[in-house]
Every structure is written in structure tokens, then in C-alpha cells.
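Peer 1: Below is the structure I would like to discuss, written out as C-alpha cells.
The values are calculated or read from the model by the stated rules, or taken from the named source; none is laboratory data. Bear in mind that the values here come from a model prediction, so they are computed numbers and not experimental data. As a convention, Cβ positions derive from the backbone with ideal geometry for all residues, glycine included, and neighbour counts pool all protein chains shown. To get the accessible areas, we keep the full protein, side chains included, count just its heavy atoms, and leave off ligands, DNA and RNA. Shrake-Rupley method; radii C 1.70, N 1.55, O 1.52, S 1.80 Å.
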Amino acid sequence: MAPSPTHADPHALARRALRLAADGHRALVGVAGSPGSGKTTLARAVVDAANDWAGEPVAAYLPMDGFHLADATLEALGRHDRKGAIDTFDGWGFVALLERVLAEPDHPVYAPAFDRAVGEPIAGSLAVLPGTRLVVVEGNYLLAPSDPWTRIPPLLAESWFVATPEDERMRRLVDRHTRHGRTPEAALAWARDVDGANARLIEPTAASATLTVDGGLPVDAA
Ligand SMILES: Nc1ncnc2c1ncn2[C@@H]1O[C@H](COP(=O)(O)OP(=O)(O)OP(=O)(O)O)[C@@H](O)[C@H]1O
Ligand SMILES: [Mg+2]
């Protein structure tokens, strides 16, 4: 029987992650999960908790979402209508950045972030600085079983899969899509059809994660 999911306590998870980077080397911890499961929320909370715990900026946040292909590229490839699918990201670029983060601790490594207001990634938005021991990497496809994604798990000290009940994920996705301008009908259709197809690829990848984290309850940042 699978062990029950770990509580999403950012403080406990931050201490666990910092122990992985305790011998002075830089460690990457990956947070995977289906669309709307709460990866971004948890990853940011763990980074904040780790920096609070250490009393100095030792942890950095690195999202796969920064490697969304630009809308113009997706249009040219005929993939814009399913933005968020695995082949709408620059997977090779993301892998190369993770390798750089591990290989280049002596200077800043800049990373793109996805700007949800603009709907595009913006280069050089985030930095992994020389003092950073822990990098919390998050995204849908960190554990996907196809190239180049299979190159990611060997780079991670641990991987955490955020498991969130389907109905709660759907509620969050519809809420977010409507906040970003879709009609309630279009939001539901996108969450069910586009996000849903991605979730069917991602959910089975939970089996290869080091840890399953319960994404169904509010993140306990107390
Ligand atoms: N544990 C939680 N309890 C309640 N709401 C949450 C929780 N985690 C995230 N949310 C909310 O659900 C929505 C999706 O969360 P988040 O952006 O962290 O998910 P995600 O897995 O990163 O999604 P995506 O795959 O689309 O990037 C957000 O509006 C967020 O505020
Ligand atoms: Mg996210």
C-alpha cells in the first residue's frame, strides 16, 4: 500500500530540503504535480521558509514555467490551442539551465519566469546567486517519462509530487482561468480538455517521486 501523503508544511519541508544541501554543495529539489495542484504555492512557501530558517538567502525558486515557448512560436508550430502541453515548453533549455545551476555556483545564473499577466516568459527575471545552497525547482513535467525530461530526476536530490483531489484542482483551475479573462464556460472547457489531458500524463509520474505531499489542504505557512 502506498504511504499516506506528507502534510504540506513548508517549514518541515524546508528543513528536510536544507539537510540535503548540508555539506556545502548546492542541491536541487523538484516539486511536480498536475495543473492547479499547488506546486507554485508550495515551492515558494518552502523557499521562504528555508530563507527564514537560515536567516539568510540560501534558497532560490526556479519554475519550469519560465520555459514556456513564446506565443508567436506556438502559433508557428500550430500548438497555441494547447499551451501548457509537454511539447509547448523548451524542455532542452530547461534541462540545460538545471545543469548550469549545479555546475556554476560561483556566479549568478539567471532564469526566465512566466508572467501570467502577459502570458509570456520573461528572460533574466530570476537569479540563483552564489550563496544559494537549495534550489526549489517546480513544474508539471519534472518526472515525465520522455526525453529530455528523463534527464531531470538524476539532477534532483529529491522529488516531491503534490497530490490534490481532482475536484479541488478543477475548482482552482476554473477560478484562475476566469480571473485571467476567460468566460466560465471557456474556463471549464480549458480545465477539462487541455489541463485534463496534461494531468493524465502527469498523475502516473507520482509513482517515481521521493515523496508525495498532500496538496488538498491549505499550505500551512504558520
Ligand atoms: N493548498 C492550497 N489550498 C488552497 N488553494 C491553493 C492551494 N495551493 C494553491 N492554491 C490555489 O490554487 C491555484 C493554483 O495554485 P498554484 O498556482 O500553486 O498551482 P500550480 O500547480 O502551480 O498550477 P500550474 O500547474 O497551473 O502552474 C492558485 O490560485 C492558488 O492560490
Ligand atoms: Mg504553477
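Peer 1: For L102, are the conditions met, namely being within 16 Å of L156 (Cα to Cα) and open to solvent by 10 Å² or more (accessible area, probe 1.4 Å)?
Peer 2: yes
Peer 1: For G93, are the conditions met, namely being open to solvent by 40 Å² or more (accessible area, probe 1.4 Å) and in contact (Cβ under 8 Å) with a residue 12 or more places away in the chain?
Peer 2: Taking the combined requirement at face value, the residue does not satisfy it.
Peer 1: Given the conditions (1) within 12 Å of L28 (Cβ to Cβ); (2) away from ligand 1 (no atom under 15 Å from the Cβ), which single one is not true for D90?
Peer 2: (1)
Peer 1: Can you name the residue in the range 1-57 that is hydrophobic (A, V, I, L, M, F, W, C) and without any contact (Cβ under 8 Å) to a residue 12 or more places away in the chain and, of all such residues, is farthest from S208 (Cα to Cα)?
Peer 2: A22
Peer 1: Which residues, counting only those in the range 187-210, are open to solvent by less than 60 Å² (accessible area, probe 1.4 Å), touching a residue at least 24 places away in the same chain (Cβ under 8 Å) and under 22 Å from R79 (Cα atoms)?
Peer 2: Listed by number, the residues that qualify are A191, V194, D195, A197, N198, A199, I202.
Peer 1: Between a first residue in the range 159-186 that is more than 23 Å from L143 (Cβ to Cβ) and a second residue that is surrounded by fewer than 14 Cβ atoms within 10 Å (Cβ to Cβ), which pairs have beta carbons less than 7 Å apart while being 6 or more apart in sequence or on different chains?
Peer 2: Note: pairs meeting the criteria are T178/P184; H180/R116.
Peer 1: For the range 36-50, name all the residues that are in a helix (DSSP H, G or I) and more than 9 Å from A14 (Cα to Cα).
Peer 2: K39, T40, T41, L42, A43, R44
Peer 1: Which ones in the range 202-215 are within 16 Å of ligand 2 (Cβ to nearest atom) and either in contact with a helix residue (DSSP H, G or I) (Cβ under 8 Å, 6 or more places away or on another chain) or modelled with pLDDT under 95 (or both)?
Peer 2: Once the filter is applied, which keeps residues that are within 16 Å of ligand 2 (Cβ to nearest atom) and either in contact with a helix residue (DSSP H, G or I) (Cβ under 8 Å, 6 or more places away or on another chain) or modelled with pLDDT under 95 (or both), the range 202-215 yields V213, G215.
Peer 1: OK, next. Mind listing whichever residues of the range 31-49 are more than 9 Å from ligand 2 (Cβ to nearest atom), open to solvent by 20 Å² or more (accessible area, probe 1.4 Å) and within 9 Å of the chain's Cα centre (by Cα)?
Peer 2: none
Peer 1: Among the candidates D48, D9, D65, which residue alone is within 12 Å of ligand 1 (Cβ to nearest atom) and over 19 Å from Y141 (Cα atoms)?
Peer 2: Every option except D9 fails the conditions.
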